[in-house]
Every structure is written in C-alpha cells, then in structure tokens.
C-alpha cells in the first residue's frame, strides 16, 4: 500500500528538478486547454449568467400578463373571455416608418404611434363597452407594460440563442454588456404594475402634480385629446396651465394643446415641468432649471413644441426633478413628492424673472398623470 | 444575491386640513386620490384634503 504519511512533496511537484513530468503537465495542459477552448469556456461561463437574467425576464413577462388578466377579471365587467384577446394584444408589434428619406418622418411616426394607441383603446373597449375612461387608461398602461416586457424577453432570448447556436463568443459579449441596463428597466416596469393598478402617482407625475395643484381653483376645459387647460392670473400676467387629464394614466397631447393656445393667443414664454433621468452620482429629487423643451417619449411631441416655439419666437424654459428610471415609473417617493412646493415656488419665480406685466405664459406639467387629478 | 436585503415599499397618504393646516400621515387606502377630500380633521372637524401620496422603501 501507498504510504501517504511519507510523501516527498518537493520531489512530486518538482521543486528541485525542472524536468518533473507531473509539474510539466500541470502547467502545459491548462495552456493548451485555454488556447483551443478558451472562448468556448468563456461562452459557457457567460451563458449561465445570461440564462439567469433571461429566466427572470421570462418570469416578469408572465407575471405582468397574469396581473393584467387578473385585473381585468376582478375590476372590469367583461362581455367575453379576455385571455385570447390579451395574448393577441401583447404580441402586437409596431413597424416604424422608413427613415431613408427623413423628410416628414415625424408626422409618419406620430401617425403610426397614435394609430396603435387608438386601435388598442378601441379594442379594449370592445371587451367591456361600459368601461370608464379611468379604468381604460389603467388597462392600456398595464397592457403596454406586458407588451414591452414580452418584447424585451423575445429580443434578449433571440440574441442569446443565436450566439449559443453559432457557438460564437463575440456575439454574446454585447448581450452581456447590455443585460444589466435591460434588467434595470425590466425590474422597474414590473415594479410599476401595483402603482398603476391602484391609481397611485408615479415619479414621472411630478410635473402634472405641480400644475394640477395650481389648476385646482380654476375652471378647466379639454383642449386636446386627454389634455386639460386652465386659465388664471398671476401678478398681472395671464397663465395658461396645461396638463394631461388625470387621474387616468396618460401623458395627453400637450403639443396639440400648445398649437391650439398659440393660434388663439399671443404667448411670451413657455415653462415646462418634467421628471428627468438623473445621472449616476446625482441626488434623487434634486431640482434643476434649464432651457429647451423638457419632454420625453418618442420625440414627436417635443418636435412639434419646438417647431411652434421657433416659428412664434417663444422662449422655452424648463424645470426638471431628477430621478432614476425606477423612481420615474414606480410609486412616487417621499423625496420627489416633497419637491412639489419648491418646484411650484420656482415656477412663479421663473415667471416673474422672464416675463413682464401684461404678458402671457404657458405652463406645461409634462409626464404621466396617473393618480394626479386637477 | 445572497446578501442583498429584501425591499418592501409601503404607500402613505398625507392629508392636510385647509382650515387649521394640520398635517397627518396615514397608510394609503384604495380609493385615495390626490387633492380629493378625505376624513375629518382631528382637531377642527373640517374635511381634510389629500396633499401627497408616496411610497417609502424599507429593507428587511
């Protein structure tokens, strides 16, 4: 029998003799292995990490679909079983217009996006003709979330499976780099579901919240689709207060409303209040002022607002409340809610600084007005 | 992650009395809508208005 108590480690590992064959194997084998199979090993290691992420995306997708169907069954009086129709809606895609010739692309994009929104709204109404506008906006938002999570899962899974099928490590690298950012957005979307279901304000609603509070004592009128306007006075200036019609989950159509206001009245300044994505290292709920149209989305609303302001030579001022992507679409945090009075004070300060008595200002509260009436 | 703490977000409603300006924070209940009328004020009996609705995250 081998005596393990009497092993000479110096001899075994060649501490004294460089020609020890066991030691040579220990060094040379991994080198050969990594030269020929290095990328494949990395592919396996990376794959296991990606698989975990994709599994989470799959669960988010399923969870959002189930939440939507449950919400419909519990809260809406349905005439037909919604499952089949919801599954169809979730898989709907949008083909963006060709941009080889960019002339007129904004109108085309706007038409495509609005056509999709109108189609979804009308078909959701067909599930329950008595559905209120408030419930309809909630269901539409929940459907958008489920549809987006489905699309994210499909794209990421496709990229992963393609790389695996081709045994192509470089193909998996961009996926590995982009996945943490995608996961951050997907988690935020999944976490936003309870707030939209309960009709609570989200971080993005800080603009509508500030303007909605200013509108409270005024008479309101619908000025464009899902957008309300109120007229008031402040230190001999006329204020046109504009926001999406709450408390439904919508961003309204502020550009159409601005077009209507500027065609009927002379406007001397536009002030936009919105939530803005904070940079890493910046404090959440910090307030910043600036110039230019503070409005996100696909870009069509911003384009129209900028075009109106340019043609009529109206300066645009902005006040933004910084927040993360997660804070923007989930239940409003205390810190963001606490900035409302400060933002309001800064709006009045901005009006006094940039306009004279007798002039008119449009103040737009930009963002999703879920849970924020006026 | 093994060591990451579980986060729970609790929703709160802040009501303010328009007469005596008393502020009260309570747990959010379904049906609470910003700027709408809420319960009677504890000190003066006037109807309070919902001033804020927000979430606070706790780590477990």
Checklist outcome for this item: Hits in the range B:5-33: amide N under 17 Å from the 7 Å Cα→Cβ extension of residue B:42, namely B:12-29
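Given the range B:7-59, what whole percent of its Cα pairs are spread farther than 15 Å?
When every Cα pair of the range B:7-59 is considered, 43 percent fall beyond 15 Å.
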Checklist entry - Where both residues lie in the range A:203-365, what percent of DSSP beta bridges are antiparallel, nearest 5? => result 45 percent
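Count, for each residue of A:366-374, the Cβ atoms from other chains sitting within 10 Å of its Cβ, then give me the mean as a whole number. All intermediate terms of the calculation are to be shown ahead of the outcome.
Values: counts 0, 0, 0, 1, 0, 4, 4, 5, 2.
Mean inter-chain Cβ contacts per residue within 10 Å come to 2.
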Checklist outcome for this item: So the pair-distance distribution of chain A, from every Cα-Cα distance in 10 Å bins, comes to percents of 5, 19, 25, 21, 12, 6, 5, 4, 3, 1, 0
Next on the checklist: Taking just the alpha carbons, could you work out the radius of gyration and Dmax for the range A:203-365, both in angstroms?
Outcome noted: 14.7, 44
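Considering only DSSP beta bridges where both residues belong to the protein assembly as shown, give the percentage that are antiparallel (nearest 5).
Numbers: 35 of 55 bridges.
If I count the DSSP bridges inside the protein assembly as shown, around 65 percent turn out antiparallel.
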Item to check | Cα Rg, Dmax, the range A:225-279, angstrom units | outcome: 12.8, 39
Item to check | Inter-chain Cβ neighbour average for residues B:51-60, partner chain, 10 Å | outcome: 6
Item to check | Exercise: per-residue mean of other protein chain Cβ atoms within 10 Å, B:34-40 | outcome: 4
Item to check | Nearest-0.05 FRET efficiency for residue A:345 and residue A:94, computed from C-beta distance (R0 41 Å) | outcome: 0.50
Checklist entry - Kirkwood hydrodynamic radius for the range A:264-321: how many Å is it when counted over pairs of different Cα atoms? => result 12.5 Å
Checklist entry - In what sequence do A:106, A:139 fall when counting other Cβ within 10 Å, fewest first? => result A:106, A:139
Checklist entry - Going out from 0 in 10 Å bins, what whole percent of all Cα-Cα distances in the range A:64-120 drops into each bin? => result 20, 36, 24, 16, 5
Checklist outcome for this item: Over the range A:153-231, the quotient of the Cα radius of gyration and 2.2 N^0.38 Å is 1.85
Checklist entry - Which value in deg cm²/dmol, rounded to the nearest 500, describes the helix-derived mean residue ellipticity at 222 nm for the protein assembly as shown, given -39,500 (n - 2.57) per DSSP H run of n ≥ 4 and division by the residue count? => result -16500 deg cm²/dmol
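Can you divide the C-alpha Rg of the range A:281-359 by 2.2 N^0.38 Å and report the result to two decimal places?
Details: Rg = 14.7 Å, N = 79, 2.2 N^0.38 = 11.6 Å.
After normalising by residue count via 2.2 N^0.38 Å, the value is 1.27.
Taking R0 as 60 Å, what FRET efficiency do you get between residue A:289 and residue A:37 from their Cβ-Cβ distance, rounded to the nearest 0.05? Mind dumping the intermediate values first?
Working: r = 57 Å, r/R0 = 0.95.
Efficiency for this residue pair is about 0.55.
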Item to check | Nearest-0.05 FRET efficiency for residue A:313 and residue A:234, computed from C-beta distance (R0 22 Å) | outcome: 0.45
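Output the Kirkwood hydrodynamic radius of the range A:43-198, Cα pairs only, in Å rounded to one decimal.
Working: mean 1/r = 0.0573 Å⁻¹.
One decimal place: 17.4 Å for the Kirkwood radius.
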Checklist entry - What nm distance separates the two modelled labels at residue A:59 and residue B:30, each placed 7 Å from Cα along Cα→Cβ? => result 2.6 nm
Item to check | residue A:29-residue A:51 pseudo-label distance in nm [points 7 Å out on the Cα-to-Cβ vector] | outcome: 2.5 nm
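Only the coordinates and a few stated rules stand behind these numbers; no lab work does. The structure presented is a predicted model; accordingly, all values stated were derived computationally and were not measured. Every residue, glycine as well, gets a Cβ built from its backbone with ideal geometry; the counts of neighbours run over all protein chains shown.
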